[in-house]
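One structure below.
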Amino acid sequence: MNSTTISPAELGGKWKGGSAIELIDVRTPVEYREVHVEFARNIPLDQLDPAAVMQARSRSADEPVYVVCRGGGRGEKACEKFHRAGFANVINVAGGTLACEQAGLPLVRGERAISLERQVRIAAGSLVLLGAILAWFVHPAFVGLSAFVGAGLVFAGVTDTCGMAMMLAKMPWNGCDEATSCDAR
């Protein structure tokens, strides 16, 4: 299913024109804290409850909800969540935060962090290397660790769902607490 999209330039034009924009950033709290569109609020994709978002709105139900992520993929998944919950007026920001930055939308920058994508590559590579080393020096059965990680990467590529990324997103260094609040939500 392809959701309706809006370019960052169009979104910025609406915002500059005084339109009330409800923009939900569905990236992880750490990604949001690093850089986000000034008028976005953070609700990570794995915590997104479309019914709760729509119920808490102060805007008219006729006004659209805009969603943004890093590059557009998670935004598309967020739109699908809204559609499955019966809410059709949801628009994905094409190209995500990266495109918003290129289009000159106002951004808030915070502390730099290792992206979730890089964390997955580091973890997967480390596990494959560990499996190979253990298979070589300890027991050949440890090659199964490398095979398991490889199979997980193939599954992630085919389904566009990464279990390792979902686990890493829940790690303490990827979340927010009172001291490092990402948003008032």
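The values are calculated or read from the model by the stated rules, or taken from the named source; none is laboratory data. All values derive from a computational prediction rather than experimental measurement. Here the Cβ positions follow ideal geometry from the backbone for every residue, glycine too, while neighbour counts run over all protein chains shown.
Side notes on the structure shown:
Residue-by-condition table, conditions (1) of a type in the set (Asp, Glu); (2) exposed (fewer than 12 other Cβ atoms within 10 Å of the Cβ); (3) in a loop (DSSP other than H, G, I, E, B); (4) modelled with pLDDT under 95:
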{"residue": "Ala88", "(1), (2), (3), (4)": "no, yes, yes, yes"}
{"residue": "Ser126", "(1), (2), (3), (4)": "no, yes, no, no"}
{"residue": "Leu134", "(1), (2), (3), (4)": "no, no, no, no"}
{"residue": "Phe142", "(1), (2), (3), (4)": "no, no, no, no"}
{"residue": "Gly157", "(1), (2), (3), (4)": "no, yes, no, yes"}
{"residue": "Met164", "(1), (2), (3), (4)": "no, no, no, yes"}
{"residue": "Cys176", "(1), (2), (3), (4)": "no, no, yes, yes"}
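- Verdict on Ala99 being surrounded by fewer than 21 Cβ atoms within 10 Å (Cβ to Cβ), modelled with pLDDT under 95 and outside the structural domain of Trp173 (by TED's automatic domain parsing): no
- Failed item, numbered, when Gly13 is tested on (1) assigned to a helix (DSSP H, G or I); (2) under 27 Å from Gly175 (Cα atoms): (2)
- Which listed residue, of Asp25, Asp49, is surrounded by 22 or more Cβ atoms within 10 Å (Cβ to Cβ) and not polar (S, T, N, Q): Asp25
- Here is the figure for the range 62-86: residues that are assigned to a loop (DSSP other than H, G, I, E, B) and either surrounded by fewer than 21 Cβ atoms within 10 Å (Cβ to Cβ) or in contact with a His (Cβ under 6 Å, 6 or more places away or on another chain) (or both) total 7.
- All conditions in (1) assigned to a loop (DSSP other than H, G, I, E, B); (2) crowded, with 17+ Cβ neighbours inside 10 Å hold for Arg59, with the sole exception of (2).
- Residue count, the range 114-124 (criterion: surrounded by fewer than 17 Cβ atoms within 10 Å (Cβ to Cβ) and touching a residue at least 12 places away in the same chain (Cβ under 8 Å)): 3
- Any hit, the range 60-80, residues being over 24 Å from Met166 (Cβ atoms), of a type in the set (Gly, Ala, Ser) and out of contact with any Phe, Trp or Tyr (no Cβ under 8 Å at 6 or more places or on another chain): yes
- Extreme residue, farthest from Tyr66 (Cα to Cα), among residues of the range 1-26 that are at pLDDT 95 or above and among the hydrophobic types (A, V, I, L, M, F, W, C): Ala9
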